[in-house]
Amino acid sequence: MTRLLKRLIEKVQKDKDVGKHFPAPNDVKRRKSLYNPNSPNRPSRKPGQHLKSILLDDPSENIITNSNIYDRHKRLPPRVNLPNKAQVRAGDLDGPREMTEQERQWWTNPYLRMASSSVRICTYTDQLLPSDLLIRLASLRLPTSSPSASSNAALVPDGIQHPKFTVPRSGRASYVLCSRAAVDGMISGKKYRRYIREPINVGSRLADQIGHLLRLRVLQEIDLLADQLRAGLSGPTTTLIRKLSCEEWESVNSTSVIPLKNAVAILNLPPVEETPITGERVQPSMSASPPLTEERVTGTDETPLPPLSTLISVSSDFRSSPSGKALLPSQLLPTARVPLYNGLTAFPYASQRAALYDLLLELLTLEHGRTNRWMPRRSITDSDRLINPGDSHAFLLCADSQNVKRGDMAAVAIALWRLRMFEGGGWIDSENIWSLGTNRDMQRLL
């Protein structure tokens, strides 16, 4: 103890003249990208190609002691719209860049974006799948009544809502196929315990909560799209959203063909009727909690509900060559198809359906006044609805390399497709599979 006190006194006397406050650290900004176009090529490790031991090479270029200089790094992802005053940060070798025409065309393809998402393992099927085809489930610690009580955790969906509306939880999580049947099978088989070892509670309405959040994600994407249109670019570009006329709607129903190449989805959504008891309009809701007192729309044996979605062709399928020549590669591919969603079945709660209808009408209003670059946000009134007598209840959603600079309609199409997958579309009675095998099969190949 005496020696410690002696050393402490010497330290205090030494730092006596030093200021009370420590100097502020230098604000060194971290590089956004580690990409280096001038990185050297990785030399060989074979002893026969070296005149002396590899360890005796120049330390600054030694592949053993300084191997990080040979690492290859990706470039920063391009942006759809690049600001006019975008500059490269000091010390960075990879600056911001704008998407090319081809890259914008890829970005507007919702299926390509889903397939290129990060790969995760499904706990129910043990398959490696893109994360956009899965549902992320995380553990949430709930508050306890007393400090001595054991920790209480619950399995909740995570990352379904848009990050601008809620922050995703970090930590250990599991993934399951974006299917109601897969979620129910995972709960009954308790396969989530493979990745979450602590005692955890699973709610009986977990699948219903996931379905509600998937519908909420559709509303959030449309709300963000309205913000993009309000503050985005103006000019003569292709239309993002419009209503089909009655003639076009009858033609789609009779031929199952929509002759528009940039169409990504059709949403048939009639206006929400007034409450029969009070005679008032249903109040729109974007709550993250499922409604407890509101009744779902259900069909009967005489008048069943239409299917949630059906696929219609973009153009007629002609496989024969009139001149007898060989078919082109584009003619050998299957024709593109567009999902047609029935709003009454996809959104069974009237409050969510009313919010969806108001958001779509707001998009129509902004699309009508897109020549004005800055438009103040206002409530939807009867004068703003822009509904023509010859229009149907079907909304046509379009996305291509031109209108993506004004708004990301492909994100809305992805949110609708994930809802379709969760309710059974694309998984049942389908000959196509999304994976080459299970994780164990991949390990055998590797």
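What follows is calculated from the coordinates using simple rules that are stated; it is not laboratory data. It should be emphasised that the depicted structure is a prediction, and the values quoted were computed from it without experimental measurement. Cβ: placed from backbone, ideal geometry, glycine included. Neighbour counts: every protein chain shown.
For this structure, a couple of remarks:
- The distance between label points at Ser251 and Ser188 comes to 4.7 nm (points 7 Å beyond Cα on the Cα→Cβ vector).
- R0 of 51 Å, Cβ-Cβ distance Asp58-Leu140: FRET efficiency to nearest 0.05: 0.45
- Per residue, the convex hull volume that the Cα atoms of the stretch 118-204 enclose (Å³): 115
- Average silhouette area of the stretch 209-309, convex hull of alpha-carbon atoms, in square nanometres: 10.2
- Sorted by Cβ density within 10 Å, fewest first, the residues Leu51, Leu344: Leu51, Leu344
- Between Ser117 and Leu82, the FRET efficiency from the beta-carbon distance, with R0 = 25 Å, is close to 0.60.
- Put in order of Cβ neighbour count within 10 Å, fewest first, the listed residues His162, His50 become His50, His162.
- Mean separation of Cα contacts under 8 Å (6+ apart) over length of the stretch 118-204, as relative contact order %: 35
- Simple label model, 7 Å out from Cα along Cβ direction - Ser287 to Lys164, nm: 2.4
- Ranked by how many other Cβ atoms sit within 10 Å of their own Cβ, fewest first, the residues Cys122, Cys246 fall in the order Cys246, Cys122.
- Extension gain, Arg337 to Tyr195: 0.36 nm times the residue separation minus the Cα-Cα distance gives 47.4 nm.
- Computed lengthening from His73 to Glu280, 0.36 nm per intervening residue step minus Cα-Cα distance: 68.6 nm
- Label zone at Asn36 (point 7 Å along Cα-to-Cβ), backbone N below 12 Å, the stretch 56-97: 60-62, 66-73, 93
- Cα→Cβ-extended label distance, 7 Å offset, between Leu8 and His368, nm: 7.9
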